[in-house]
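Okay, structure first, notes after.
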Amino acid sequence: MSDYIKQYATTASFTDDDIWIILSNKIEVSIKRKIITYGVRLSNWDLSIKRGILTGYNEAFIIDESTKDDLILSDPKSAEIIRPILRGRNIKRYAYDYQNEWLICFPCGFTNRFSNNKHNKEQWLKGEYSAIYNHLVKAEERLSKERNPKAKGLYKRDDQGDYWWELRSCKYMDDFNKPKILYSEIVQEPRFYYDEQGLFYPEASSFFIIGEQLKPLVMLLNSDITFKIFKKYYAGGGLGSSGVRYKKAFLLNLPIPRLDVQSEKVLTKIYDKMSSKNFINCTSEEDEARKFIANLYRFTKEEVDYLINN
């Protein structure tokens, strides 16, 4: 045993509050040391990670394209509070698979901001947004016949605002309209999409990131190097051989190299080239990005090969 230890032992330092991981060989020790040395935890970046919107009753508040068109045709005012929504399963790597789903979005406090009728808010809703009011009432009537009698339903659900037609209180509702990175939490590969126009509202099965340097950041997060780093050292395990769970706490703990002006320009330029090709057949651009990201961590070719293939 003593001879074996002399031959294979490595030195590990547990001097900070990083996750304790047993490293099996010298190349892993070197990789981990460089991650900590050249990376900065996302919790120290100028960004914020937040969960998508929770309706408490998706069957009524999330509608298809046909229903959306009917509501607007019946009452054009309906368009004011209908937004395109993405679920976690519809978010892909650099892209999305939009299923023509829409959210009826009365934020918490909406009614009190716009209604002068202090006595009967529901009458105000019927007058201002009659088509949507009728849709919600009919949806509740239809769905109440199918669900467990003990279920609370639309009117008494927990996740609601000041009134049953409003969504729960969400202090960051305005952030949905900003440029943001959307991502799915449980995945087999990195699936981060940059919503540059602030078009989509994320559903509760997805998360989003707002802040600075989002375009190069989405390149970093979608990189196979970063994915393997996260999976091996920061994901917490538990999802088998291939999957990971991007829990907020785990993702914020992930060290990613801080980008100077030149580095930001390089990754942004690569992203723009991939975007011009609709992220199709971008092998050369992704190779370029991999080499650049590896250099940010000061990884050797041997270390990159170990990360990607081991």
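The values are calculated or read from the model by the stated rules, or taken from the named source; none is laboratory data. The shown structure was predicted, so the numbers you read here are calculated from the model rather than taken from an experiment. Backbone-built Cβ (ideal geometry, glycine too); neighbour counts: all protein chains shown. Each accessible area value is taken on the protein alone, full model and side chains, heavy atoms only, with ligands, DNA and RNA left out. Shrake-Rupley method; radii C 1.70, N 1.55, O 1.52, S 1.80 Å.
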Query raised in the report: Across region 197-219, which residue is most open to solvent (accessible area, probe 1.4 Å) among those that are of a type in the set (A, V, I, L, M, F, W, C) and out of contact with any Phe, Trp or Tyr (no Cβ under 9 Å at 6 or more places or on another chain)?
Result: LEU199
Query raised in the report: Which of the residues spanning region 37-53 are surrounded by fewer than 16 Cβ atoms within 10 Å (Cβ to Cβ) and of a type outside the set (Lys, Arg)?
Result: THR37, VAL40, SER43, ASN44, ASP46, SER48
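To keep it simple, each residue is scored yes or no on (1) open to solvent by less than 60 Å² (accessible area, probe 1.4 Å); (2) of a type outside the set (A, V, I, L, M, F, W, C).
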position: VAL244; (1), (2): yes, no
position: ASP260; (1), (2): no, yes
position: SER263; (1), (2): yes, yes
position: SER275; (1), (2): yes, yes
position: ILE280; (1), (2): no, no
position: THR283; (1), (2): no, yes
position: PHE292; (1), (2): yes, no
Report summary line: By my count, helices (runs of 4 or more DSSP H) wholly in region 1-107 with at least 1 residues that are under 24 Å from ILE225 (Cα atoms) and modelled with pLDDT of 95 or more are 26-38
Query raised in the report: Tell me, which residue of region 106-117 that is under 19 Å from ASP75 (Cα atoms) and free of Cβ contacts under 8 Å to residues at least 40 places away in the same chain is surrounded by the fewest Cβ atoms within 10 Å (Cβ to Cβ)?
Result: PHE114
Query raised in the report: Does region 69-78 include one or more residues that are among the β-branched types (Val, Ile, Thr) and within 17 Å of the chain's Cα centre (by Cα)?
Result: no
Requested in this report: Please work out if PHE279 is closer than 17 Å to ILE91 by Cβ and aromatic (Phe, Trp, Tyr).
Outcome: yes
**Report entry** Number of positions in region 183-196 that are assigned to a loop (DSSP other than H, G, I, E, B) and open to solvent by 20 Å² or more (accessible area, probe 1.4 Å)
**Finding:** 5
Query - Qualifying positions in region 298-310 - at pLDDT 95 or above, assigned to a loop (DSSP other than H, G, I, E, B) and either closer than 23 Å to TYR193 by Cα or open to solvent by 80 Å² or more (accessible area, probe 1.4 Å) (or both) - result: ARG298
Query raised in the report: So which of GLU141, GLU166 is at pLDDT 90 or above, open to solvent by 50 Å² or more (accessible area, probe 1.4 Å) and out of contact with any Leu (no Cβ under 9 Å at 6 or more places or on another chain)?
Result: GLU141
Requested in this report: List every residue pair whose Cβ atoms lie under 7 Å apart, where the two residues are 6 or more positions apart in sequence or sit on different chains, the first residue falls within region 86-100 and is within 14 Å of SER205 (Cα to Cα), and the second residue, located anywhere, is part of a loop (DSSP other than H, G, I, E, B) and of a type in the set (D, E, K, R).
Outcome: GLY88/GLU185; ASN90/ASP97; ILE91/ARG191; LYS92/ARG191
Query raised in the report: Looking at region 118-150, which of its residues are within 22 Å of ILE62 (Cα to Cα), over 34 Å from the mean Cα position of the chain (by Cα) and touching a residue at least 24 places away in the same chain (Cβ under 8 Å)?
Result: GLU122
Report task. Look at ILE229 and say whether it is more than 20 Å from TYR96 (Cβ to Cβ), open to solvent by less than 10 Å² (accessible area, probe 1.4 Å) and in contact (Cβ under 8 Å) with a residue 60 or more places away in the chain. Result -> yes
